[in-house]
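Have a look at the structure below, then the notes.
The values are calculated or read from the model by the stated rules, or taken from the named source; none is laboratory data. Please read these numbers as outputs of a predicted model, since none were measured by experiment. Here the Cβ positions follow ideal geometry from the backbone for every residue, glycine too, while neighbour counts run over all protein chains shown. Ligands, DNA and RNA are excluded from the accessible area calculation, which covers all protein heavy atoms including side chains. Shrake-Rupley method; radii C 1.70, N 1.55, O 1.52, S 1.80 Å.
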Amino acid sequence: MKAMVLTGPNRPFELTDVPDPVAGPGEAVARVITCGSGLTIQHIKAGRRAARFPRIIGHEITAEIVALGAGVGSLKVGDPVTSYFYLSCGHCRWCLSGFEPLCPNCTGNVGIECDGGYAEYIKLPAHLFIGLPEGLDYKKHPAEIGVITDALATPYKVLRRARVKAGETVAVFGAGGGLGIHQLMMAKWARARVIAVDVAKNKFDACRKAGADEVVDASAGDVAQALLDLTHGEGIDVAIDYVSSTATLEAGAKALGRRGRLVTLGGASQPFTASARDMLMKELELLGSRYVTRAEVIETLDLVARGEVWPLVTEIRPLAEAEAVHARVERGEVTGRAALVVA
Ligand SMILES: [Zn+2]
């Protein structure tokens, strides 16, 4: 099959013929139609995240099952599917109780520790393929439907993690990024008052279109003070931080009002200082949110199938143009998500 292969960090993609994957026991193979191109996978190409090479990256797929290994009863040939991102076991206490991203047997991520979607075919343990619901026209919109599994499901899960309620004020740090812009969309869907925080002025219009009621230019000064000003000194209810630098985490924590929640999604994952006195006096919660469960992928797919939200994919290019697309992802030039057409 044709595959876009990375041979090492900071190396260009190589369009290569590699052997077709063969489904072993408990595995399935799917024919890839499209695959999303986000910053998470660009981190591997740029060498900021360790991986074993050669590697075929990509996990935000729309695909069709073409072969089943022995013992697979949950799928059939022809089923339209997307992929779960974590190589979680599916059998342990954490997987079974709805905390699959915390699986202690997890062996990594699709497209990082095993080959992913930048190829004609992808092979995975069968339980990591998630069927697409009827009502999603995956043949007409494969690029949009493929990115739901991460770009839209991750923000959906954050709403749960932070217990966002209608009428609350939610600030999204890194709102112009691929996940951030979908977080604005999901927070608006949850009927929150939505504030976008970013430094990229060229993304502010897209932030407003995605659902931001207000935009705070983080390059213009004290973000915490700007958020307090926007809430008449009360503070925001929820800060969702996709940047997670020391500065953004401290600004988010400082801007929280009574019963406020700060959620970090990793990002730069820098250490930060928060006031224990503020945590006590205002009963603050500082939270981490790690990807989603398979059930949350299904729920997010259903949400799109019902027409409540729609992923923002602004660039759809052939697989052969992966290098150019990733250069744009690296420079922060893509609004929402880019995706590659494989077949
Ligand atoms: Zn597990």
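A few remarks follow.
- Among beta bridges that DSSP assigns inside the chain, antiparallel share in %, nearest 5: 50
- Of the two radii for the stretch 20-115, the radius of gyration is 0.97 times the Kirkwood radius, both from the alpha carbons; that is the Rg over Rh value.
- Length released on extending from Arg11 to Trp310, taking residue separation times 0.36 nm less the Cα-Cα span: 104.3 nm
- Ranking Ile195, Gly332, Leu136 by Cα position along the charge dipole of the chain, where only Lys, Arg, Asp and Glu carry charges on their C-beta atoms, puts Ile195 farthest toward the positive end.
- Among Thr314, Met1, Val243 - extreme Cα towards positive end, dipole of the chain, charges at beta-carbon: Val243
- Length, then width, then depth: along the principal axes, the Cα atoms of the chain run 60, 41, 36 Å.
- Spin-label model distance (nm) - Cys92 vs Glu323, 7 Å beyond Cα toward Cβ: 4.0
- Rolling a 1.4 Å probe across all protein chains gives Trp94 an accessible area of roughly 90 Å².
- Accessible area in square angstrom per residue, the chain, 1.4 angstrom probe: 43
- Label-point separation in nm, Lys140 to Ala274, each point 7 Å along Cα→Cβ: 4.4
- Rounded to the nearest 20 debye, the dipole size of the chain about its Cα centre is 440 debye, using +1 on the Cβ of Lys and Arg and -1 on the Cβ of Asp and Glu.
- At the listed q of 0.10, 0.22 Å⁻¹, the Debye profile of the stretch 248-343, built from one uniform point per Cα, gives log10 I(q)/I(0) equal to -0.49, -1.07.
- Backbone amide hydrogens, once placed in the peptide plane, bring Leu87 within less than 5 Å of Thr107, Gly108, Asn109, Val110, excluding anything fewer than 5 places away on its chain.
- Put the Cα centre of the stretch 204-229 next to the Cα centre of the stretch 53-112 and the gap is 37 Å.
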